[in-house]
Amino acid sequence: VLVGLDAQIGRLLDGLKGTNTLVLFLGDNGPSQPFARERAGGFRGQKLSLYEGGVRVPFVAWWPGKAKGGVVNDKTVISSLDFLPTLANVCGAKLP
């Protein structure tokens, strides 16, 4: 499944080259319970948990010419709630 996913994401990004398109990839709240310790990097918690293993998920931004590639930031804490004001600003939209 991951090989197929990788191929299709590659096709998507190839098709978007030359456009001014921001693509965000992120997870959805940790692994399910049977795999919690193996897939949460040893962190306590899993899906539906507020422990770090339940809320620490990958986040990748792809935006050629805008987002610098190859950068890893493992210090900043963000929430998907942060996306609305950030993406509104990127688009030049006004928030109520």
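The values are calculated or read from the model by the stated rules, or taken from the named source; none is laboratory data. Remember, predicted model here, so these are calculated numbers, not experimental data. Note: ideal-geometry Cβ built from the backbone for every residue, glycine included; neighbour counts use all protein chains shown. Note: accessible area is taken over every heavy atom of the protein model, side chains too, but ligands, DNA and RNA are not part of it. Shrake-Rupley method; radii C 1.70, N 1.55, O 1.52, S 1.80 Å.
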**Item:** Fluctuation leader among Arg39, Arg11, Arg56 - the chain, Gaussian network, Cα springs under 10 angstrom
**Value:** Arg11
**Request:** Rank these by accessible area, largest first, 1.4 Å probe: Ser80, Ser49.
**Result:** Ser80, Ser49
**Complete:** Farthest towards the positive end of the dipole of the chain, among Val90, Ala61, Val1 and with Cβ unit charges of +1 on Lys and Arg and -1 on Asp and Glu, lies the Cα of Val90
**Request:** Would you mind calculating the gained length between Ser79 and Arg44 on full extension (0.36 nm times residue separation, minus the Cα-Cα distance), in nm to one decimal?
**Result:** 10.7 nm
**Request:** For Tyr51 and Asn20, compute 0.36 nm times the residue count separating them, minus their Cα-Cα distance, and round to one decimal in nm.
**Result:** 7.5 nm
**Message:** At 0.36 nm per residue, and after removing the present C-alpha to C-alpha distance, how many nm does the segment from Val71 to Asn89 gain when stretched out fully?
**Reply:** 4.3 nm
**Asked** Near Lys66, which lysines are there with a Cα under 25 Å away, not counting those fewer than 8 places off in the same chain?
**Response** Lys17, Lys75, Lys94
**Request:** Name the residue, out of Val60, Val72, Val23, whose mean-square fluctuation peaks in a Gaussian network model built on the chain with Cα pairs under 10 Å.
**Result:** Val72
